[in-house]
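Visitor: Here it is, the structure, as structure tokens.
All of the numbers you see were taken from the coordinates with simple rules; none came from a lab. Please read these numbers as outputs of a predicted model, since none were measured by experiment. Using ideal geometry, Cβ is built from the backbone for each residue, glycine included, and neighbour counts are taken over all protein chains shown.
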Amino acid sequence: MSLQHDERTTSAQRERWADNLRVLVIAGVIVTHAATAYVIDVDWYYEERTTSDLWSLILTFPALIGGLFGLGPLFLLAGWFSALSLSHRRPGSFTRSRLLRLGVPLLVFTFLIDPLTDYLGGLGEGDAAKVSDYLTNRTGTGDTGPMWFVAVLLTLSLVYAGWRALRPAPRASGELARRDLLLAITTIALLSFVIWQKWLPGADTFWNLNWPQWPQGAVLFALGVHAGERGWLVTLSPTRTRRLGRVAATALAALVALAFFAIATSDGEDLITGLNAGMLAFVFLDGTVAVCGGLWLVSWLRRRWTTQGPLLVRAGRASYGTYLLHPPTLVVLSLLARPLGIAPELKFVLVAAVGVPACFTVGYALTRLPRVNRIL
């Protein structure tokens, strides 16, 4: 799984670098969501937006890039660990484990944590609705929130277990081939093209399941499975890793340039709707950054960041609980900062700086609860 490790399938070194990756990505998620409360024009549970165009300009574009690609490495990691886990257990046992560790937190968040967080945010904004209105979704605000990511992982895990129940994994080793990269990039591009005609990235979807991100998540998960079953992630050379990084950086620079050109010359939505050269370039660049950038980051961290101090050990253990509870934790911090007579952009800096350690502390406390720690 991407938010927690499986002790039966990972060595100590693998656990350290994987936990470090989780901590890095989830800290970025926390900062981004703090920004949506104050600076970035994206819906959040509590909003107190700045009037500064400069702050919005500075933070919105990096947040959009993070939203497009930030969780990709975790999908890749999830596929890799799923392959390792399934090699040590039957598909039925794997399925039960994923239903417990992914399905139960998803249900708890969707039907308890999300409405209570909506209620807290509504109180801060002067909403008079009762808590029962949120719990029964009379407000119409209920959704999966950031746990859409876990919904995707659960779906992909069940599909993978079903596939391997029908067709056992081949006992073969190999290396990452160029055709694998091209297939992954092209698949993301084509699927994104189809889905983005109906739902643009960031658009409202059923229960916030974020359909535009499913192609990237599914392909990266499948690529991680391929790496786990064939063993090529551990043999990916530093030279190959650097090449992947250079390709990802070049594609990202081209993507940013294309986006700025589209915004400067026309409605930005024209870039990712309809059949035109700009849209085709955008989806292929999107797939290239997701695949090459995700592989580069995972491979680089696996080689370079394998050490942990005591705090990072606890943060890694707390990563899943942190992701689960960071929305209400951030909202509480925003409510505490509400009376302060400072500009919203300064409140963002304060809430983000306090929010990262606070969210990981709350997440770690959750893992200390009996029975809960067997799920998280």
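Visitor: Neighbour counts of other C-beta atoms within 10 Å: give me 16, 22, 178, 338 arranged from fewest to most.
Guide: In increasing order of surrounding Cβ atoms, one gets 178, 338, 16, 22.
Visitor: Also: Starting from the Cα gyration tensor of the range 188-240, take the square roots of the eigenvalues, sort them a ≥ b ≥ c, and report rounded, prolate or oblate (rounded when a/c is under 1.5, otherwise prolate if a/b is larger than b/c, else oblate).
Guide: prolate
Visitor: Next up: If you build a Gaussian network model of the chain, linking Cα atoms that sit under 10 Å apart, which residue out of 138, 171, 303 swings the most?
Guide: Of the options given, 171 has the highest mean-square fluctuation.
Visitor: In whole percent, what relative contact order does the chain give with Cα contacts below 8 Å and a gap of six or more residues?
Guide: That works out to 27 percent.
Visitor: May I ask you to compute the full-extension gain from residue 198 to residue 336, defined as 0.36 nm times their residue separation minus their alpha-carbon distance, rounded to one decimal in nm?
Guide: Net length gain for the segment: 45.7 nm.
Visitor: With each label point set 7 Å from Cα along the Cα-Cβ vector, what nm distance links residue 108 and residue 313?
Guide: 2.5
Visitor: Also: Given springs between every Cα pair under 10 Å in a Gaussian network model of the chain, which of 201, 310, 105 has the largest fluctuation?
Guide: Evaluated over the chain, the most mobile residue of the options is 310.
Visitor: Calculate, in nm to one decimal, what residue 369 and residue 172 gain on full extension: separation in residues at 0.36 nm each, minus their alpha carbon distance.
Guide: 66.8 nm
Visitor: Now for a different question. In nm, what is the difference between 0.36 nm times the number of residues separating residue 100 and residue 207 and their Cα-Cα distance?
Guide: The residue 100-residue 207 span can extend by a further 36.4 nm.
Visitor: Next question, about the same structure. I need the calculated FRET efficiency for the pair residue 258 and residue 43, taking r as the beta carbon distance and R₀ as 22 Å, to the nearest 0.05.
Guide: Calculated value: 0.25.
Visitor: Moving to a separate point now. Could you tell me which residue out of 137, 308, 257 lies farthest along the dipole of the chain toward its positive end? Charges go on the beta carbon: Lys and Arg +1, Asp and Glu -1, centred on the Cα centre.
Guide: Result: 308, furthest along the dipole toward the positive end.
Visitor: Using a Gaussian network model of the chain whose springs link C-alpha atoms within less than 10 Å, name the residue from 122, 224, 363 with the highest mean-square fluctuation.
Guide: Top of the fluctuation ranking is 122.
Visitor: About the Cα centre of the range 85-140, what is the dipole size in debye to 20, counting +1 per Lys and Arg Cβ and -1 per Asp and Glu Cβ, all else neutral?
Guide: 700
Visitor: Just grab the label-to-label distance for residue 275 and residue 51, each label 7 Å out from Cα along the Cβ direction, in nm (one decimal).
Guide: So the two model labels end up 4.8 nm from each other.
Visitor: To the nearest 500 deg cm²/dmol, what mean residue ellipticity at 222 nm is calculated for the chain from DSSP H runs of n ≥ 4 alone, each contributing -39,500 (n - 2.57), summed and divided by the residues?
Guide: Value at 222 nm, helices only, nearest 500: -21500 deg cm²/dmol.
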